[in-house]
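The values are calculated or read from the model by the stated rules, or taken from the named source; none is laboratory data. These figures come from a predicted structure and were not determined experimentally. Using ideal geometry, Cβ is built from the backbone for each residue, glycine included, and neighbour counts are taken over all protein chains shown.
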């Protein structure tokens, strides 16, 4: 998990948020990690994270079985073409069953797959390169959206 976090920290304009006790975040989010494009270092008010690391089951998201210590999941928003390439189905047309608890495999996110999110539980040798690629592509897409909103297209900031 630390390798994923350090990879994203190396991206230009990345903000890595890791909620914990005393920072005002809800206890449910403690230990998870959220990735944004934010050259000013502040969580954007008008954007969702482009990727996350989840370290536990949530009440509506238990299929990955993240409760045992040492299990975690990378979640990345991807475009439709990449989703089709990785999953073999359209995000809004998911019809096959998936073992969302399987490790080191790219699959639709158990809750947000239809919205174009993929998930990898405990990325390992098989998926490490793919995870890095997906994080870079998601960061670049989020940065382009940020620059369009901010009017800084092509300018380097942060």
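Specify which of the listed residues (150, 61, 57) is over 23 Å from residue 5 (Cβ atoms), surrounded by 14 or more Cβ atoms within 10 Å (Cβ to Cβ) and more than 12 Å from the chain's Cα centre (by Cα). After applying the criteria, what remains is 150.
When restricted to residues that are free of Cβ contacts under 8 Å to residues at least 60 places away in the same chain, surrounded by 15 or more Cβ atoms within 10 Å (Cβ to Cβ), farther than 22 Å from residue 59 by Cβ and more than 12 Å from the chain's Cα centre (by Cα), the stretch 11-23 contains 1.
For the residues 8, 53, the requirement of being in contact with a helix residue (DSSP H, G or I) (Cβ under 7 Å, 6 or more places away or on another chain), outside any loop (DSSP other than H, G, I, E, B), closer than 20 Å to residue 123 by Cβ and in contact (Cβ under 8 Å) with a residue 60 or more places away in the chain singles out 8.
The single condition from (1) farther than 30 Å from residue 102 by Cβ; (2) out of contact with any strand residue (DSSP E or B) (no Cβ under 7 Å at 6 or more places or on another chain) that residue 30 fails is (1).
Filtered by the rule that a residue be out of contact with any helix residue (DSSP H, G or I) (no Cβ under 9 Å at 6 or more places or on another chain), at negative phi and surrounded by 10 or more Cβ atoms within 10 Å (Cβ to Cβ), the stretch 24-41 gives 25, 28, 29, 30, 32, 34, 40. Would you mind stating whether residue 37 is farther than 18 Å from residue 141 by Cα and under 14 Å from the mean Cα position of the chain (by Cα)? Taking the combined requirement at face value, the residue does not satisfy it. Sort out which residues of the stretch 91-127 are part of a helix (DSSP H, G or I) and either under 18 Å from residue 50 (Cα atoms) or under 13 Å from the mean Cα position of the chain (by Cα) (or both), and write them in order of number. Selection gives 91, 113, 114, 115.
Looking for something out of contact with any strand residue (DSSP E or B) (no Cβ under 9 Å at 6 or more places or on another chain) and not in a loop (DSSP other than H, G, I, E, B) - is there at least one such residue anywhere in the stretch 62-79? For the stretch 62-79, residues out of contact with any strand residue (DSSP E or B) (no Cβ under 9 Å at 6 or more places or on another chain) and not in a loop (DSSP other than H, G, I, E, B): absent. In the condition set (1) farther than 19 Å from residue 32 by Cβ; (2) without any contact (Cβ under 8 Å) to a residue 40 or more places away in the chain, residue 112 is compliant with all but (1). Within the stretch 80-90, the set of residues being assigned to a loop (DSSP other than H, G, I, E, B) and surrounded by 13 or more Cβ atoms within 10 Å (Cβ to Cβ) comprises 89, 90.
For the structure I just gave you, tell me whether residue 106 is touching a strand residue (DSSP E or B) at 6+ places or on another chain (Cβ under 6 Å), surrounded by fewer than 20 Cβ atoms within 10 Å (Cβ to Cβ) and at pLDDT 95 or above. It is false that residue 106 is touching a strand residue (DSSP E or B) at 6+ places or on another chain (Cβ under 6 Å), surrounded by fewer than 20 Cβ atoms within 10 Å (Cβ to Cβ) and at pLDDT 95 or above.
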